[in-house]
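This report concerns only the one structure given below.
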Amino acid sequence: MGREDLVPTAGRALDLACGRGTVAVWLARRGLDVDAVDVSPVGLAAGRAQAPDVHWIEADLDDGLPVAGPYDVVVCQRFRDPALYPALIGVLAPGGLLVISVLSGAGDAGGPFRAPPGELLEAFGGALDVRHHAEGHGEESLVAVRRP
Ligand SMILES: C[S@@+](CC[C@H](N)C(=O)[O-])C[C@H]1O[C@@H](n2cnc3c(N)ncnc32)[C@H](O)[C@@H]1O
């Protein structure tokens, strides 16, 4: 994820669109109590095989978040749904960490699945304290903390 020094070793974490759960498993091994959400039962099963203690939740994020905060860490990598952005802020605990990345038109051709350049900074830069932001080569990533 980069900036691992910012990630706590206790508390609650949420990994959205977790895929096969690589990040969720990493967070659980770091000491966090992890909820991991994906629409794919195949991905969730792969994650469960590695870490049965993670709460693997099969849900369609098109229907909104299936969980309630507060979370000390929220991760959403390589899945884009701008409609969820306000909810991501809403489930962060004060001092909580957001780690998010999307495919972007920055430095690459645009298209229906790519964010317009600067989308994450615009969505989160006002409400959160941005600790890292990068975009280019078709990606945008942001690490930010909710102010206490
Ligand atoms: C590119 S993968 C990223 C997986 C993981 N976050 C990572 O970085 O390795 C996108 C994930 O989003 C999930 N996904 C796509 N649409 C979804 C939806 N509507 N609700 C929940 N998960 C969804 C897919 O099943 C897939 O696991």
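The values are calculated or read from the model by the stated rules, or taken from the named source; none is laboratory data. Note that this is a predicted model, so its numbers are computed, not measured. Here the Cβ positions follow ideal geometry from the backbone for every residue, glycine too, while neighbour counts run over all protein chains shown.
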Point to revise | Enumeration of residues in the range 14-33 that are surrounded by 15 or more Cβ atoms within 10 Å (Cβ to Cβ), away from the ligand (no atom under 13 Å from the Cβ) and not basic (Lys, Arg) | key: 28, 32, 33
Study note, to complete from the structure: From the option list 72, 108, single residue qualifying as of a type in the set (Asp, Glu) and touching a residue at least 40 places away in the same chain (Cβ under 8 Å) is 72
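Condition check ((1) more than 16 Å from residue 13 (Cβ to Cβ); (2) of a type outside the set (A, V, I, L, M, F, W, C)) across all residues:
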{"position": "54", "(1), (2)": "no, no"}
{"position": "72", "(1), (2)": "no, yes"}
{"position": "113", "(1), (2)": "yes, no"}
{"position": "116", "(1), (2)": "yes, yes"}
{"position": "120", "(1), (2)": "yes, no"}
{"position": "134", "(1), (2)": "yes, no"}
**Study point:** Qualifying residue in the range 45-55 (condition: modelled with pLDDT of 95 or more, closer than 27 Å to residue 94 by Cβ, touching a strand residue (DSSP E or B) at 6+ places or on another chain (Cβ under 7 Å) and within 9 Å of the ligand (Cβ to nearest atom))
**Key:** no
Review point. Do you know which residues across the range 104-116 are within 16 Å of the ligand (Cβ to nearest atom) and farther than 13 Å from residue 136 by Cβ?
Key: 111, 112, 113
Check your understanding: Is there any pair linking a residue in the range 87-103 that is in contact (Cβ under 8 Å) with a residue 60 or more places away in the chain and more than 12 Å from residue 142 (Cβ to Cβ) to one that is within 13 Å of the ligand (Cβ to nearest atom) and of a type in the set (S, T, N, Q), with Cβ under 6 Å and at least six apart or on different chains, and which?
Key -> none
Revision key, fill the gap. Here the qualifying pairs (Cβ atoms under 8 Å; residues six or more apart or on different chains; first in the range 54-69 and exposed (fewer than 13 other Cβ atoms within 10 Å of the Cβ); second in a loop (DSSP other than H, G, I, E, B)) come out as 60/39; 62/81
Practice item. Would you check if residue 114 is on the phi > 0 side of the Ramachandran plot and either touching a Leu at 6+ places or on another chain (Cβ under 8 Å) or in contact (Cβ under 8 Å) with a residue 12 or more places away in the chain (or both)? Key: no
Exercise for review: Could you tell me whether the range 117-131 includes any residue that is part of a strand (DSSP E or B), without any contact (Cβ under 8 Å) to a residue 24 or more places away in the chain and either under 23 Å from residue 22 (Cα atoms) or more than 16 Å from the ligand (Cβ to nearest atom) (or both)?
Suggested key: yes
Check your understanding: Would a scan of the range 60-68 turn up a residue that is more than 11 Å from the ligand (Cβ to nearest atom) and among the acidic types (Asp, Glu)?
Key -> no
Revision key, fill the gap. Picking from 32, 14, the residue that is touching a Ser or Thr at 6+ places or on another chain (Cβ under 8 Å) and under 24 Å from residue 132 (Cα atoms) would be 32
